[in-house]
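Chemist: Below: one structure in C-alpha cells.
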C-alpha cells in the first residue's frame, strides 16, 4: 500500500527542471490568452463542478491603457508561495496532523502546474486541497466545519472539489518526506550504535530535520526529487546544525552512511549522483524567496484587475440569474455564468 | 485530532450523569431484586422523559422532592461510591489500599460533591453547563452502572491497549517508515 516504487507519484509527478518551467509557462500563456480574449481570466465554477468560461468581450471597447496586465511567472510563484504558507497556517489552526498538511501542500502545488493562478483563486483551491487531503489521509472533516473554522463558504469548497481532483488526474496518494525522515533516523539509531544518552540527540535531530523538510516543501523541490532524497537532504542539513554523527568528522560518517544505504539496495546509482541531488535540493532551498508585503499588495492588485473588468456588469447579470447555489458567488469579481 | 461533529448523545449523557448522581441507590438498599428493578425502571423512565421533553416540569419537581427527602442517603451513597472508586483504582495500580488515604479521599470527595450537589438543589431546570464538568477526584474503578471512569493515565493506557488489541504495534509503524525511506530515494 505504501509502495513508492509502484506509485503514481513516482511515475507521473516527478519532473525535470525544464519540464517544470514549461508547464508553468504553458499555464501562464493560456491564462494570458484568456485575458486577451475575454477580458477576464476568472473561471466560474458551478454547483455541479463544471467550469464555465467567461464570455468574450468586444475587443474595441478595451483600449490599451485599461487592458489589465497579466501576472508573470515570478509573480505567480510569489502568489503560490504566499498561499502555501497560508495553507500551513490553516492546517495548524485546525490541529491537523502533519501528514495532512503535507498532502494538501503537494496537491496545491500539482494543481498549479496545470492551471494558472489567474484562472482559479488560490484561496479557494487552498481550502479545497485541505479538504481533499483530510479525506485521503483518513481524517475526514466536513466541508461545513472547514468553512465555519475559517469563515468561508463551504459550498465553494464542494464546487471546486471535482476540479481539483481532475487536475490532479486523480493521483491522490502522495509521499511526503516526513515519514522517510523518521525511517532514516530509526535506521541511524542502529547504525550509530546509539547509547541511551544519545537518544535525545537523535530526537533533536529528527525535530530539526522536520523543520528542514518544512522549508524544502515550500520550494519546487518536491516536483523534482523523490521524497527519499528530500529527506536525506533535510537530514544532512539538520546534521550540520547538530553534529550528531560527528565523532569521526561529519563528511566521512555521512558518506559511510549513504554508501551503506546504497549497498543495501544494490542499486546501479552511485554515491556521487546521490550527493549531486542533495546539493541540488540545497540550492533550491537557498534560492527560495518569500514575497514581501509590498510584493503581495502589488500582485493582488494586478490579480483584481485581471478579474475585475467585468465586475460592473456583474450586478446586473446577477439579478437575472436563476442559479440555485448563488450563495457561492459571494465575491464581486466573479464572472457571469453560462446558465 | 479529529474534528468531528458533536456527539448526538451528548444531551442524553448529561442528563444521565445528573440523574445518576441523585438517584444513586444500589441493590443492597432494596429488600428484594424486584424492588430494585422497579426502582431502576422508574429512573430510566424519568431519564427517557427528560430526553424526549415529556412532562419535564413534573419530573423536575419529582427530582427536587426526592433530593430533599433523601439528601442524607444520597450523600452516603456518593461517599460509598468514592470509596469503591479508590479501592478499584488502587487495585488496578497494584497498590494496597490504605485506610487513612481512604478516609482522606472520602472527605475530599464528599466536599467535592457538596459543590456539585448545591447547583442541583438550587436549580430546578436541567443545567447542563453546571453538571458537565463532573468532578472525579479519584480515578479508575467503576461508577453505578459499571462504566469505568478514566483519568488521563487510564485513558492513555486504554488507547495503547486498544491499538494493540487491534493488531497494531509500533513495529509496524517503524517498518513502514523504513520502507518508505529506502524505497523512495531513487525514481
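Coordinate-derived values only; no laboratory data. Fair warning: this is a prediction, and the values are worked out from it, not measured in the lab. When we count neighbours, we look across all protein chains shown, and the Cβ atoms used for this are built from the backbone with ideal geometry, even at glycine.
Chemist: For a quick check: sort A:128, A:6 by the number of other beta carbons within 10 angstrom, fewest at the front. Write down the numbers at each step before the final one.
Modeler: Values: A:128 27, A:6 9.
Taking fewest neighbouring Cβ atoms as first place, the list is A:6, A:128.
Chemist: Suppose a student asked you for the relative contact order of segment B:8-90, using Cα pairs under 8 Å spaced at least 6 residues apart; what percent would you report? Write down the numbers at each step before the final one.
Modeler: On the way: 29 pairs, mean separation 30.3, N = 83.
So the answer I get is 37 percent.
Chemist: At a 10 angstrom cut-off on C-beta neighbours, averaged per residue, how do the peptides B:172-184, A:16-28 rank from highest to lowest?
Modeler: Top to bottom by mean Cβ count within 10 Å: B:172-184, A:16-28.
Chemist: Also, I was wondering about something else. One-quarter of the Cα convex hull surface for segment B:8-90, in nm²?
Modeler: Values: hull surface 26.1 nm².
Across all orientations, segment B:8-90 yields a mean hull projection of 6.5 nm².
Chemist: How do A:80, A:88 rank when sorted from fewest to most other Cβ atoms within 10 Å of their own Cβ?
Modeler: Fewest to most other Cβ atoms nearby, the residues stand as A:88, A:80.
Chemist: Sort out for me the Cα centre separation of segment A:259-286 from segment B:1-62, rounded to whole Å.
Modeler: 66 Å
Chemist: Tell me whether segment A:81-173 comes out rounded, prolate or oblate; compute the Cα gyration tensor, take square roots of the eigenvalues as a ≥ b ≥ c, and use a/c under 1.5 as the rounded threshold. Display every interim value, and only then the final one.
Modeler: Numbers: a/c = 1.32, a/b = 1.22, b/c = 1.08.
Since a/c stays below 1.5, the shape of segment A:81-173 is classed as rounded.
Chemist: Oh, and also: Taking beta carbons within 10 Å but only from partner chains, what does the mean come to for residues B:169-182?
Modeler: Mean shielding count: 6.
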